[in-house]
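Here's the structure we're looking at; comments come further down.
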Amino acid sequence: MSFLEIAKSRYTTKKYDPTKKVSEDKVEQLKEILQLSPSSINSQPWKFTIVTSSEVKDLLATKSAFNEQKIKQASHLVVFHVISTKEGFEQLRMADAAEGSKMYYNNFLKPRSEEEVTAWLKNQVYISLGFFLAACGSMGIDATPMEGIDNLEFDKILNQDGTYKSTFAVAIGYRDTEDTNQPSHTPKTRAEQKAIIEIR
């Protein structure tokens with residue numbers, strides 16, 4: 001399947017088949033894909049928690065408002081975290097970074113405020129999200145990215161030492177055949193190319 005075909009067929013899954021599980025082999029592949037995610041200056045300011053325990057997944061589901069049922073039905077939940085502070089990032093990632101990365105960070109990012117740097121770090125995690133969703137699509141795995149989680153409650157469970165904080169989560173699994181959000185039931189709606197793409 002071409003990437004264009006994957007882009008046309010993948011969608012945000014609203015209802016999962018709880019009897020279908022993502023295989024251990026595919027989970028191992030997803031782990032390697034997450035590890036290979038791209039980021040600016042190879043900053044990698046993230047941690048990924050793949051929740052396989054039904055008990056933990058169900059507990060996190062209760063901290064996810066309208067996403068609760070999706071998470072409970074899905075095979076796994078992947079939580080994306082970002083390093084919490086500028087100082088933490090410098091200690092965890094910049095200490096052993098390549099010289100070019102250190103030079104860029106010291107010249108262009110370190111002089112900026114805590115808020116600016118942590119916003120930049122969070123942007124890198126969103127890059128990994130796009131990479132992950134594309135990978136799931138290529139592997140025939142359905143996915144639901146969700147910001148609708150209670151980050152503070154997630155952190156009480158997954159990030160107790162405060163080094164990282166949760167940003168968003170992705171439920172993965174296999175769609176229920178009756179899920180009305182799939183493109184065969186509800187066609188994708190996107191802005192026209194001429195409204196969003198300019199050639200100069």
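The values are calculated or read from the model by the stated rules, or taken from the named source; none is laboratory data. Note that the coordinates shown come from a computational prediction; the quantities given were computed from them, not determined experimentally. Cβ atoms come from the backbone with ideal geometry, glycine included; neighbour counts cover every protein chain shown. To get the accessible areas, we keep the full protein, side chains included, count just its heavy atoms, and leave off ligands, DNA and RNA. Shrake-Rupley method; radii C 1.70, N 1.55, O 1.52, S 1.80 Å.
Relative contact order for region 57-176: what percent, with Cα pairs under 8 Å and sequence separation of 6 or more? Walk me through the numbers on the way to the answer.
Working: 137 pairs, mean separation 52.1, N = 120.
That works out to 43 percent.
Report the FRET efficiency, 1/(1 + (r/R0)^6), for residue 9 and residue 95, where r is their Cβ-Cβ distance and R0 is 45 Å, rounded to 0.05.
Once rounded, the FRET efficiency stands at 0.60.
Quick one: net charge of residue 61's neighbours, Cβ under 9 Å, K/R +1, D/E -1?
+2
Run the numbers on region 1-99 and let me know its relative contact order in percent, using alpha-carbon pairs under 8 Å that are six or more apart.
For region 1-99, the relative contact order is 33 percent.
Given a Förster radius of 30 Å and the C-beta distance between residue 150 and residue 87 as r, what FRET efficiency does 1/(1 + (r/R0)^6) yield to the nearest 0.05?
That gives a FRET efficiency of 0.70.
Local charge sum around residue 70 (other residues, Cβ-Cβ under 9 Å, Lys/Arg +1, Asp/Glu -1)?
+2
Hey, in the GNM for the chain with a 10 angstrom Cα cutoff, which one of 38, 187, 18 fluctuates hardest?
Among 38, 187, 18, the largest mean-square fluctuation in the Gaussian network model of the chain belongs to 187.
Do you know the Lys pair count in region 38-135 for C-alpha distances under 22 Å, with sequence separation 8 or more or different chains?
16
What accessible surface, in Å², does a 1.4 Å probe find on residue 126, ignoring ligands, DNA and RNA and rounding to the nearest 10?
The value for residue 126 is about 70 Å².
Each label point is 7 Å from the Cα along the Cα-to-Cβ direction; what then is the distance between the points at residue 139 and residue 68, in nm?
So the label points at residue 139 and residue 68 sit 2.9 nm apart.
Going by accessible area, probe 1.4 Å, with all protein chains left in place, what is the ranking of 189, 144, largest first? Numbers along the way, then the final one.
Numbers: 189 115, 144 5 Å².
Result of the area sort, largest leading: 189, 144.
Give me the log10 of I(q) over I(0) for region 106-200 at q = 0.10, 0.11 Å⁻¹, as the Debye formula computes it from C-alpha points; what are the numbers?
At q = 0.10, 0.11 Å⁻¹ the computed log10 ratios are -0.47, -0.56.
Enumerate by residue number the GluC sites (Glu not before Pro) in region 92-181 meeting two conditions: DSSP loop (anything except H, G, I, E, B), and at most 16 other Cβ atoms within 10 Å of the site's Cβ.
Values: sites: 99, 114, 115, 116, 147, 153, 178; in loops: 147, 178.
Passing both the DSSP loop test and the Cβ count: 147, 178.
If you take the square roots of the eigenvalues of the alpha-carbon gyration tensor of region 62-114 and sort them as a ≥ b ≥ c, do you get rounded (a/c under 1.5), prolate (a/b over b/c) or oblate?
prolate
Ratio of alpha-carbon Rg to the 2.2 N^0.38 Å globular estimate for region 15-98, to two decimals, please.
Dividing the Cα Rg of region 15-98 by 2.2 N^0.38 Å gives 1.33.
Can you check what the net charge comes to around residue 117, using other residues whose Cβ is under 15 Å from the Cβ of residue 117 (Lys, Arg +1; Asp, Glu -1)?
Charge balance near residue 117 sits at +2.
Output the Cα-based Rg and Dmax of the chain in Å, rounding Rg to one decimal and Dmax to a whole number.
Rg and Dmax of the chain, Cα atoms, are 18.3, 53 Å.
What number, in percent, do you get for the relative contact order of the chain if the mean sequence gap of Cα pairs under 8 Å and at least 6 apart is divided by its residue count?
36 percent
Is region 1-62 best put as rounded, prolate or oblate by its Cα gyration tensor, with a ≥ b ≥ c the root eigenvalues, rounded for a/c under 1.5, and otherwise prolate when a/b is larger than b/c, oblate when not? Let's see the in-between values first.
Working: a/c = 1.84, a/b = 1.14, b/c = 1.62.
Judged from the Cα gyration tensor, region 1-62 comes out oblate (a/c at least 1.5, b/c at or above a/b).
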